[in-house]
Structures are given as C-alpha cells and as structure tokens.
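Below is one structure; the comments refer to it alone.
The values are calculated or read from the model by the stated rules, or taken from the named source; none is laboratory data. Remember, predicted model here, so these are calculated numbers, not experimental data. Methodologically, a virtual Cβ is constructed for each residue, glycine included, from the backbone with ideal geometry; neighbour enumeration extends over all protein chains shown. Each accessible area value is taken on the protein alone, full model and side chains, heavy atoms only, with ligands, DNA and RNA left out. Shrake-Rupley method; radii C 1.70, N 1.55, O 1.52, S 1.80 Å.
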Amino acid sequence: MSEYSNDEDVKWMLEAQKGDQIAFRKIVEKYQSSLLNFFYYMNASRSESEDLAQESLLKLYLYREKYTPTAKLSTFLFRIARNTAIDYIRKKKAVSMSFEGDLLESPDNKEYRTAEKDWQGSLEIALKKLPEKLRSVVVMSYFEGLKQQEIADILEVPLGTVKSRMSFAMKQLKDLMENNNAK
Amino acid sequence: MQNEITSPDEDLIVSYLLDEMTPEEKNAFQSRIETDKELKSLFLRYQSVDSGLRKIEKQTSSEILTQRIMQDINKTTKPKKSYIPYIKAAGWAALLFVAFGKFFFSTSEQPSQANTVAPKNNIPVVVSQGNKLEIAESGALEWLHQAQAANGSWVGQDWGADSQYTIGLTGLSLLAFVNAEHKTNFAAYLKTVEKATQFILESQNADGSFGPSINNRLYNQGIATVALFKVIENYPNLVPIDSLKRAIDFISLSQNKSGGWGYANDNGNSNTAISIWQIHSLILAKQYGFNGLEDSIKANLAWVKGMTDKNGVMGYRKPSDYPFGQSGLVAMSGIFWLYEEQLSNSSIDEMFEFKLKFQEDLEKIAMAPEKNLNYYQFYFLTFSLKKLKEKHQFQLAQKVEDILITKQTQNGPQLGSWEPNDAWGHTGGRVYSTAMATISLVALK
C-alpha cells in the first residue's frame, strides 16, 4: 500500500487498469484542461494543444497496465506530456512550434501581437519568448499549480535545479517587462 | 538577455511569491521587507510579474475534446476474446429455439467485455414467434424490460454508462417501448412504461429541467421531453400537461441567441447533437397544441440553415465542421424533415432539392453502415429512411435492418441487447446501444 493509494486519481487509474472506461473518463475530464494549458503556454497553437493533450491521455491509457502508485498520477501524466511535447518538437523541428525560445509564428500569434499594446499581453509574449527549460517550470507552477518538488519529479531533475530555473525565469520576465516599458 | 545570475534576495522573493517557504522563513522575509526599502522595491517589481502571470487567461477545454479522447481510447480497446464466431453459431441455434417458442437466459455464457451486469431477475424469457425483425424487437424489449431498475429508471452506471446519463437513458428506453406499442404482446410492458414515465417526472426540478444540473444536461432534457410527448400521445393520463409545459419552458429559456443549443459551459455556442433533441421537443409541443413557440422554432430553423453546407449536410458547430466524422451528421441532417410544417410552400421545392442531395449521402451510409458502427447514427438514419417512401429506400432500410439484427446479442445473459462497442458506447453503455438499436428497428417497420 503506497502513500498515494487513497488518491482519487490513483483509484480511478487502478479501476481503468481493470478495463473501467468510466473511471478513465474521470481522469480525462480532470486533466484535459491542465494539459491543454500546458501545451498552449509551451507555444503550441490551440488546435495543436488539443491534439497533444489527446495524445498524452491516450498514452496514459496505453501505459495504464504499467502504472504503479509509487507517485502521484499527475506526476506520471505530466512526465508523459513533457515527453510528448519534446517528441513533437523533434518531429516538427523547424517552424511551427519551437521550444528553443523563438516566438511561434502561427495565426494564433496575431492576437498576441495585438495584445502587445498592453502590459498583460506583453507579459504573455515575454513568457512565450523564454527558453523551454525556463518556460516549462513557470507554466507548471503558475498554470498547473504544481509545487517545485512535483516539478522536479516530473522533469527528473534535483529540486535545486527547479528553484534556480524558476528564479532565472522570473528574473528574465521582470527584465523583459521593464525593458519593454522603458521603450 | 540580461545577467542570468540571480541574487539570494531574488531567490527568496521567488520562493515567497510561490509559497515555497516554511512559516518561519516567511515571517523572517516579511519582517525584512518592512525594514529594507531596496528589498521592498525589488519585491514589488517581482510581484507585478507574479500577479500578471496569475491573471493570464487559461484555455478551457470542451466536452468535444473529452469525446475525441474517449473515442480514441475506445478504438484501442479490443475485446479480450472474440465472440463473433461464437455468436454466429449460437445465433443460428437461438433462431431454431425461437421456432419452438422459447429462449432461455443462460448463466453459463461468457459476459460481454465491458458491461457484465446481468439483468436483475434471470427469469426465462418468452420471445414471440414471427419474422426476424419481430423476433429482434421482442428480444430487445425483453432485455430492456429486465434491465429496468425498481424505481423505473435505467441506471447508467449499472450498464457501462456514467450515472449522469440515467435520465437520458431512461428517456431513450421509454421511447423504445412507446414506439413499439403496436406490438401484439405490448400490454405486458405497460407497467414498464408507467414506471419509467413516473421516474422522469419525479426527477423534474422546479425550473422544468430534469435531473442534475450538469454541463450536458440538455441531452437529458431533450431526450426526456421527446419521450414524454410520445407517452402522452398514447397514454394521456400518464403525463401532467404542467410538467410538459415546464420542460418546454426550460428548453426555450436555454436556447442560445444563435437559435441553437449547446453545453452549459460553452459560452453560448451551439452544436447540432444537443440542438436536435431540443427542436424535436419544441416541434412535438407545437404539434400537441402548445402556443408561443413559433419564434423559438423559427430562430432554430434559421440556425439549422446557417449550419448546413451546399450539400445539405449540417456541421457540428459550424458548416463543414465534422469533429467526429461526417456520416453521423449526414444522418442527423434528417432533422430537416421536422420543419415541414414550418416551411412555406415556396420552400418546399428548395427542400426537395435538399432531400435529393441528402438522399445520395444517405445511400452511401446505408450501403455500408457496418464501416462505422454507430447506433446514434442509426437512430437518425432510420428516422430519415422512414420519411423516404420510394422503393429504393426500402432496400436501403433492409440493409440497415440486416446489420442491426446481425449485431444483436443472440445468447447469454445479455440476450436481445446490443454490445456498446460503437463510437458512443463508452458514454452511453449497453442501455444506450440497445435502446437506439431498438428504436431504429421499430422505425423500419
């Protein structure tokens, strides 16, 4: 019996292992928005984000028999999501979705260019300009509400690495915004 | 980019903003901010970024995404054991048994893959003699009868569906019975109809809605209302008019400005699958004699026209929008016949053109219904086929009938039902697939 055995997510996952699709649907309903936001603020377009969220949850379903409740289900799922994103970038490599810090040039960005006029819009652009390693910790922390230790578990890096990435990310955002205001 | 080295104070600020400090660290940091002006100034600059990040608008997902994911999952789930040869062989044996008058539930049969709950009372089932369609109908009604819960409902979770769909599933099952009331042995099911009607009526809320206030409540609402109108046509004493009026009021008030209906949390967006049940309810209400519905119906007709492309097919949320494939929407486009009364004479020619185009698509689906097994689609397909009177369409109807009969479970505890293994079986379970298939079969008579 692990410390996570009583989590509702884990219970649903164990039911899904036995073939209960309704239990798995509950997982889908709980996490699809989180995954959608994760991919969206990692620079995918809205429709790409939906496809990637779908792919991640399908992978979770396919891996269900390998799942053991040794960690939170969300950790397991976001690890899949991040690997899905990285695979996707590798496949697309060049243009439409860059995790290397280039601003995405897709139709979705038109709204960001329009929004650039205001401070909030500029912050969203600044976030999308961050290198992937920094952006991912911000997205997981602010949009998914994950604690730094959970982020470390997902990224499979030491807690100290997450802390320093977060500090760098916040500093860069602050500097970008202040430079923006100074122009 | 600026200097990437952060100072210890900056690290502390970030930890504080993310609530990653112990209570002691937090207190110490707050005391420092109050006394250290430089630190306070730096903190405020970080705090504006922090609050900006928290205000960034989140993307919301929709029920459509859930359905897409579950459909994907459904495709990957294969039965652990193939029952097809087993069912085929047993099917012939079962037909021979029927010729002698009786089917028996066998508790030794393998249960189906997803829904293994047996009917509440495994009593021997007597199925009427007759042609294949008659036998299939009788088996289906008997399965539904035995699957009914004591309170009159068909409980979603008992049969592989979510509990939130119990009202809708009860409405569909009730429709199956009411549409089959022409059957000679139907008197045996009057109690089933009465109990199901009572369950739906008792689930009605003060605002006229049925069941729990969930995101996709309009599915439950539309299906239950259509079922109640079908009940009152045949059994006027079973349904109080006031309940129907309140149900229709709720539907009218839920109509979006566009003229369609959608999910509760979909920001006023409409979709075909939900709208079709609401407009059917309104038209049945108008036919029954309810007044004051013209504006709602007209607004919906305008929406339907706006959703229909040049080939006469409705999109899901906009023209040519097919998130779950086109064939289901082609079948649903049969909704157009509902408006015959509303259309002026001058529109009839236009409608005839539409029918011709629609017919071509209908043929494609009816000739290969097995390609994409979809009981929801069969429901609307047979509704449309019923409207087409030419001999050619009866041949199409025969094709659909053959598929439905072949897919019906021929033995075991689920005898007479249909496996919920189509595109929507994961949502509606065995009651959905059986009720939809039964209604479709009855429509073909």
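When both segment B:1-41 and segment B:263-340 are represented by their alpha-carbon centers, they are found 57 Å apart.
Starting from the Cα of B:ASP249, step 7 Å toward the Cβ, then list every residue of segment B:269-288 with an amide N under 18 Å from that point. Under cut-off, by backbone N: B:282, B:285-286. To the nearest 10, the accessible area of B:GLU20 is 50 Å² with a 1.4 Å probe. In segment A:137-177, which residues give up 40 Å² or more of accessible area once the other protein chains are added, compared with their chain alone (1.4 Å probe)? Those residues are A:TYR142, A:PHE143, A:LYS147, A:GLN148, A:SER167, A:PHE168, A:MET170, A:LYS171, A:GLN172, A:LYS174.
Chain B and chain A together bury an accessible surface of about 4500 square angstrom, both sides counted, with a 1.4 Å probe and no ligands or nucleic acids included. Measuring against 28 Å, Cα to Cα, the residue pairs A:LYS147/B:LYS40; A:LYS30/A:LYS66; A:LYS133/B:LYS37; A:LYS18/A:LYS72; A:LYS26/B:LYS245; A:LYS11/B:LYS407 contain A:LYS133/B:LYS37; A:LYS26/B:LYS245; A:LYS11/B:LYS407 as the ones spanning a longer distance.
Express in % the proportion of alpha carbon pairs of segment A:133-176 at distances exceeding 12 Å. Spell out each step's value before the answer.
Numbers: 511 of 946 pairs.
Value for segment A:133-176 (Cα pairs over 12 Å): 54 percent.
Quick check: the distance between the Cα centres of segment B:159-211 and segment A:5-78, to the nearest angstrom? Answer, in whole Å: 35.
In the context of the full protein assembly, B:HIS145 retains an accessible surface of approximately 70 Å², using a probe radius of 1.4 Å and ignoring ligands and nucleic acids. For the residues B:ILE276, B:ILE241, a 1.4 Å probe over the protein chains yields an accessible-area ranking, largest first, of B:ILE241, B:ILE276. Distance between the pseudo-spin-label points of A:LYS66 and B:MET367 (7 Å out from Cα toward the beta carbon): 4.5 nm. Residues of segment A:31-57 that bury at least 50 Å² of accessible area when the other protein chains are present, relative to the chain alone (probe 1.4 Å, heavy atoms, ligands and nucleic acids excluded): A:GLN32, A:ASN37, A:ARG46, A:GLU50, A:GLN54. What's the FRET efficiency of B:GLU202 with B:ASP242 using the Cβ-Cβ distance as r and R₀ = 22 Å, to the nearest 0.05? The calculated FRET efficiency here is 0.95.
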